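Undergrad: Here it is, the structure, as structure tokens.
The values are calculated or read from the model by the stated rules, or taken from the named source; none is laboratory data. Computed from a predicted structure; not experimentally measured. Don't worry about glycine lacking a Cβ; one is built from the backbone with ideal geometry, like all the others, and counts go over all protein chains shown. Just so you know, the surface numbers come from the protein's heavy atoms only, side chains and all, with ligands and any DNA or RNA stripped out. Shrake-Rupley method; radii C 1.70, N 1.55, O 1.52, S 1.80 Å.
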Amino acid sequence: MIDKASRYAETHEWARLEDGGMVVVGLSSFAIEQLGDVVYMELPAVGGEVTKGEALGVVESVKAAADVYAPVGGKVAAVNDAVQGDPDVLKRDAYGAGWLVKIEAADPKEYEALMLADAYEKFVQNQEQ
Amino acid sequence: MGRRGVRVAASDVPTSIHLRRSYLRERPAALPELSELDVVRHFTELSRRNFGVDTSFYPLGSCTMKYNPKVAERIASYPGFAHLHPLLPQLRMGGILTQGALEVLYEMERLLCEIVGMAAFTMQPLAGAHGELTGIMMMAAYHRHRRNHKTTVLIADSAHGTNPASAAIAGYTVASVPSDAQGGMDVQALKGMLNDQVAGLMLTCPNTLGLFNPNVREICDLIHSVDGLAYYDGANLNAIVGKVKPADLGFDIVHLNLHKTFATPHGSGGPGSGPVGVVEKLAEFLPVSTVIKRSDGTYALEYDRPNSIGYIAPFYGNFGIILRAYVYILMLGREGLERVAENAVLNANYVREKLKDYYHLPYPQVCKHECVFSAARQAERGVHALDIAKALIDRGFHPPTMYFPTTVKEALMIEPTETESKETLDAFIDAMIEIARLAETHPEQITAAPTTTPVGRLDETAAARNLNIASL
């Protein structure tokens, strides 16, 4: 499932622009399905700086461990601590309660450069083949 | 009750020590009361649940679970080796008591130098990943020595996870180089990532898809063009041992896993051994100590190494493992080692050819020592790589490596090794074909596996989320 209101990075993070220039970030359903059951999440501290394309955290599942990359750069304004206690929320509600961090985007162009939902859907289909 | 395995003699030492009452038990300790026979039966029963190369076929891709010849075990248990104290070589007059062991270390270094074409080796690293860290630390020492400012190590996206971990622990930033459509490192992408910051590149060859990269020399040349070093991850040397020397491909640093290529026991955490070899220009950075041969033919440990990266392990590595590998190499000789590679590659291609109509093969070309299938076709019926692995357990086989390399969806990575007979391979192939057919007709039988084991499907997620080591 792909959330139409979000934009996407090639590394399978979704990003959604909220009022006031805040960008909410999470992992796409496709990524979560590929990972299998998530057992551990490492997320940045509130107030830290992240750079677009660089790792902001780690997701570990029964199958693999992978970096989560920042789809936009900026300051980490909020972190969803609930995910660490209940990783299943990623599977239940990837685009809602399963959000990971909120970033005060430093450069709006970085958000604009992300894929739209339709483009991401095609991207995933290509990866499937 | 009241049974016991050992009767402890009554103490004839006068006890005049009086302990404070608060330190004394009020009731005897509730120790298990078992006869020697009870204990023997218990542990024998547990050992029969064990699975190993000595019991069954173990095609765990990338791990090279080959047979460990018993002659190596026998020689390693000789009291002259097994009872040596590791401090002896450093003690006065200890040298004379350890000449045999030092000769083994020295000769093993020479043999490995010959096999991979390096100038010098250290036998000290205690496992493959430890060898990687040692190798990258020498890479860093080399650049420091030349006053190069380097920040980044390039690693293939299909690499073992230990590669980026080793580079990161050594202080480097890791950049992942994508694979091309043939499964090898994408040379064009690599060119785009090269700059003066690149300290080196780590490459497994053949790679984790079991494919030998035809561009490997060009890749090493490209790395050298920015004064970077080419690191050979020897995890898959088994496929080319005796056939190709990594030094001839352009590599500067090589680590080997003695427990893979040279048939020492492994699994469940060791003891491992990960010797590292380097070209001449890096020899001064090898860890202390090294074994030298004096002009009178005697052996000694050398500590005076001013540019060394220092100590990386206590004493001289896992000597018992090095000794087993030494026996293995001497037993096989030059021709024998070549046949290891030939038969490992033949066996993997036999399995690949026989199963390719039943399982999706994302990279269909001739492979080296292992082949990577995808269970994508079966997954459409709800049968995943994990389910196929469990079904193999019921059929008496150890599962292959699953979900790795991560560049292949639903990966099943099969490495038969050279020590298996055609009959064993055929039995495994039959089991895999049967599972593929059942996945079509009765997928529920595969997803219910295993049914013949003491415990069924374990909840791996719960185990990882709520780790309880007290119950181990």
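Undergrad: Taking H as built 1.01 Å from N, whose amide H comes closer than 5 Å to the amide H of B:A120, not counting residues under 5 places away?
TA: Amide H neighbours of B:A120: B:V278.
Undergrad: Report the trypsin sites (Lys or Arg not before Pro) located in the stretch B:23-57 that are in a DSSP loop and have at most 15 other Cβ atoms inside 10 Å of their Cβ, or state none.
TA: B:R25, B:R49
Undergrad: Sort all Cα-Cα distances of the protein assembly as shown into consecutive 20 angstrom bins from zero, then give the percent of pairs in each bin up to the one containing the longest distance.
TA: Result returned by the calculation: 17, 45, 31, 7, 0.
Undergrad: Right, something else. What FRET efficiency would be calculated for the residue pair B:L31, A:R92, taking the C-beta separation as r and a Förster radius of 45 Å, to the nearest 0.05?
TA: Computed FRET efficiency for B:L31 and A:R92 comes out at 0.40.
Undergrad: Here's something else I'd like to know. Hey, which lysines would be in cross-link range of A:K52, C-alpha to C-alpha under 17 Å, not counting anything within fewer than 8 residues on its own chain?
TA: A:K75, A:K102, A:K109
Undergrad: For chain B, the longest stretch holding no GluC sites (Glu not before Pro) located in a DSSP loop with at most 16 other Cβ atoms within 10 Å is which?
TA: Counting at most 16 other Cβ atoms within 10 Å as exposed, the longest clean stretch of chain B is B:34-379.
Undergrad: Using helices alone, I'd like the mean residue ellipticity at 222 nm for chain B: each DSSP H run of four-plus residues gives -39500 (n - 2.57), total over residue count, nearest 500.
TA: Result for chain B, helices only: -11000 deg cm²/dmol.
Undergrad: Moving on. Taking loop as defined by DSSP and a crowding limit of 13 other beta carbons within 10 Å, which chymotrypsin sites (Phe, Trp or Tyr not before Pro) in the stretch B:49-124 fit?
TA: B:Y67
Undergrad: If you count, for every residue in A:36-46, the Cβ atoms of partner chains within 10 Å of its Cβ, what is the mean?
TA: 2
Undergrad: Still on this structure, I have one more. Hey, how many Å between the Cα centroid of the stretch B:79-152 and the Cα centroid of the stretch B:397-472?
TA: 38
Undergrad: Any idea of the total accessible area buried by the B-A contact, 1.4 Å probe, rounded to 100 Å²?
TA: 700
Undergrad: A further question follows. How about B:K368: which aspartates and glutamates have a C-alpha closer than 13 Å to its C-alpha, ignoring those fewer than 8 places off in the same chain?
TA: Leaving aside aspartates and glutamates fewer than 8 places away in the same chain, those within reach of B:K368 are B:E342, B:E353, B:E415, B:E418.
Undergrad: Another question about this same structure. If you take the charge dipole of the stretch A:7-107 about its Cα centre, with +1 on Lys and Arg Cβ and -1 on Asp and Glu Cβ, which of A:L35, A:A77, A:A15 is farthest toward its positive end?
TA: Selected residue: A:A15.
Undergrad: If you plug each phi of the stretch A:109-123 into the Karplus form 6.51 cos²θ - 1.76 cosθ + 1.60 with θ = phi - 60°, what whole-Hz ³J(HN,Hα) values come out, in order, with x for Gly and Pro?
TA: So the Karplus estimates, Gly and Pro as x, are 5, 4, 5, 4, 6, 6, 5, 6, 3, 5, 5, 5, 4, 5, 4 Hz.
Undergrad: Chymotrypsin sites (Phe, Trp or Tyr not before Pro) within the stretch B:267-309: which are DSSP loop residues with at most 13 other Cβ atoms inside 10 Å?
TA: Passing sites in the stretch B:267-309 are B:Y303.
Undergrad: Need one word for chain B: rounded, prolate or oblate. Basis is the Cα gyration tensor (sqrt eigenvalues a ≥ b ≥ c); a/c below 1.5 gives rounded, then a/b vs b/c decides.
TA: Here chain B falls in the oblate category.
Undergrad: I need the phi-derived Karplus couplings for the stretch B:437-450: 6.51 cos²θ - 1.76 cosθ + 1.60, θ = phi - 60°, integer Hz, Gly and Pro marked x.
TA: Along the stretch B:437-450, the couplings run 5, 5, 4, 7, 8, 9, x, 5, 5, 7, 6, 8, 5, x Hz.
Undergrad: Here is a further query. Counting DSSP beta bridges in the protein assembly as shown, what percent are antiparallel, to the nearest 5?
TA: Close to 70 percent.
Undergrad: Whole Å is fine, so just give me how far the alpha carbon centre of the stretch B:193-224 lies from that of the stretch A:5-46.
TA: With the stretch B:193-224 and the stretch A:5-46 each reduced to a Cα centre, they are spaced 32 Å.
Undergrad: Quick one: dipole size for chain B, taken about the Cα centre, charges +1 on Lys/Arg Cβ and -1 on Asp/Glu Cβ, in debye to the nearest 20.
TA: For chain B, the charge dipole is close to 1340 debye.
Undergrad: Semi-axes, largest first, in whole Å: what does sqrt of 5 times each Cα gyration tensor eigenvalue give for the stretch B:317-384?
TA: Computed over the stretch B:317-384, the values are 36, 16, 8 Å.
Undergrad: Something else now. Quick one: if the Förster radius is 35 Å, what FRET efficiency do B:L46 and A:D81 give, using the C-beta to C-beta distance and rounding to 0.05?
TA: Efficiency computed from Cβ-Cβ geometry: 0.25.
Undergrad: Just counting partner chain Cβ atoms within 10 Å, what average do the residues of peptide A:61-68 show around their Cβ?
TA: Across A:61-68, the average partner-chain Cβ count within 10 Å equals 4.
Undergrad: Something else now. Got a sec? Charge dipole of chain B, +1 on Cβ for Lys and Arg, -1 for Asp and Glu; which of B:P454, B:L34, B:L286 is way out at the positive end?
TA: Value: B:L34.
Undergrad: Karplus couplings for the stretch B:132-143 from phi (6.51 cos²θ - 1.76 cosθ + 1.60, θ = phi - 60°), rounded to Hz, Gly and Pro as x?
TA: 4, 4, 4, x, 6, 5, 6, 4, 5, 5, 4, 5
Undergrad: In addition: Largest first, please: the extent of the C-alpha atoms of the stretch A:46-93 along each principal axis, to the nearest Å.
TA: The principal-axis extents, from largest down, are 29, 21, 15 Å.
Undergrad: Let me ask something additional. In Å and on Cα atoms, what radius of gyration and Dmax does the stretch A:62-129 show?
TA: Every Cα atom of the stretch A:62-129 included, Rg and Dmax give 14.2, 38 Å.
Undergrad: Next up: Using a 1.4 angstrom probe, figure out how much accessible area the stretch A:7-107 has per residue, in square angstrom, rounded to the nearest whole.
TA: Counting only protein heavy atoms, the per-residue value for the stretch A:7-107 is 43 Å².
Undergrad: In the structure displayed, which of B:K150/B:K260; B:K66/B:K409; A:K91/B:K356 lie more than 30 Å apart, Cα to Cα?
TA: Listed pairs above 30 Å: B:K150/B:K260; A:K91/B:K356.
Undergrad: Counting only DSSP beta bridges with both residues in the stretch B:70-330, tell me the antiparallel percent, nearest 5.
TA: Antiparallel: roughly 40 percent of the beta bridges in the stretch B:70-330.
Undergrad: Among the aspartates and glutamates, which fall within straight-line cross-link reach of B:K191, defined as a Cα-Cα distance under 17 Å, with same-chain neighbours fewer than 8 residues apart omitted?
TA: Those aspartates and glutamates meeting the cut-off are B:D157, B:D180, B:E218, B:D221, B:D227.
Undergrad: Using a loss threshold of 40 Å², tell me which positions in the stretch B:378-408 are less accessible in the complex than in their chain alone. Probe radius 1.4 Å, ligands and nucleic acids ignored.
TA: B:Y403
Undergrad: Considering every residue in B:457-469, what mean count of other chain Cβ atoms within 10 Å of its Cβ is obtained?
TA: 3
Undergrad: Charges at C-beta only: +1 for Lys and Arg, -1 for Asp and Glu. How large is the resulting dipole of the protein assembly as shown about its Cα centre, in Debye rounded to 20?
TA: 1920
Undergrad: Here's a follow-up. Say a paramagnetic label sat at a point 7 Å from the Cα of A:E49, along Cα to Cβ; which residues of the stretch A:89-125 have their backbone N under 17 Å from it?
TA: A:103-108, A:110
Undergrad: Next question. Among B:G117, B:F315, B:G272, whose Cα sits farthest toward the positive end of the charge dipole of the stretch B:70-330 (+1 at Cβ of Lys/Arg, -1 at Cβ of Asp/Glu, about the Cα centre)?
TA: My answer, from the dipole projection, is B:F315.
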